[in-house]
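Please read the structure below before turning to the comments.
Only the coordinates and a few stated rules stand behind these numbers; no lab work does. None of the values given here were measured: they were computed from a predicted structure. Heads up, the Cβs are rebuilt from the backbone with ideal geometry, glycines too, and the neighbour counts pull from every protein chain shown.
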């Protein structure tokens, strides 16, 4: 099977909640890419396998796959893929209570996204969301509120962009979460 066909099969298996099948497919993709020394596809395979490991609750394995992908992306000219992957490392660290190590991940991902003209609004919103959650957990209420305000604005903006595949209802949960978080932080 080609890497692209493995990616399609793995995506379909994950979408159909056949998580163990998806894990086997992405594991094979990692193996093929390592054998062929295909670094760009290896990084993609590792992030996909990391996502599956996260779905399965194996946070340690997930984190390792994402960190390995970050190391590869640092050698490639793929700043948006790097930012996206670093953000996932930050999310995993934050969700597992490793707040201090998560901070530089969000800072770097946000810096890359803010400085790149092709940054997608949704990618920026998702990064700010994770960063806002981290800031709140660190007791940085003012910073968290500011980030939640921007996050909500971005979620509301995404569906209005020309050619956006999203509808307002797709992004309503993100906008609602932003309002909820701002209210909680303001009251607290």
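Listing for the model above:
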| quantity | calculated |
| --- | --- |
| The chain: most fluctuating residue of 162, 40, 101 per GNM, C-alpha cutoff 10 Å | 162 |
| Which of 4, 68 has the fewest Cβ neighbours within 10 Å, and the rest in rising order | 4, 68 |
| Residue 75 versus residue 1: modelled label distance in nm, points set 7 Å from Cα along the beta carbon direction | 2.6 |
| Added length on full extension, which subtracts the Cα-Cα distance from 0.36 nm per residue, residue 96 to residue 34 | 19.4 nm |
| FRET efficiency for residue 172 and residue 143, using Cβ-Cβ distance with R0 set to 30 Å, rounded to 0.05 | 0.75 |
| Within a Gaussian network of the chain (alpha carbon springs, distance under 10 Å), most fluctuating of 121, 27, 75 | 75 |
| Sites residue 116 and residue 61 - FRET efficiency at Förster radius 30 Å, r taken between beta-carbons, to 0.05 | 0.50 |
| Helix 19-36 vs. the chain, principal-axis angle (Cα, 0 to 90°, nearest 10) | 60 |
| Helix axis angle, 79-95 relative to the chain longest principal axis, alpha carbon, degrees | 70 |
| Label-to-label distance, nm, for residues given as residue 20 and residue 8 (7 Å Cα→Cβ offset) | 2.6 |
| C-alpha center-to-center spacing [segment 50-68, segment 139-180] in angstrom | 26 |
| Ascending count of other beta-carbon atoms within 10 Å, so fewest first, for 131, 7 | 7, 131 |
| Ranked 12, 53, 108, criterion: other C-beta atoms within 10 Å, fewest first | 12, 108, 53 |
| Mean separation of Cα contacts under 8 Å (6+ apart) over length of segment 82-188, as relative contact order % | 20 |
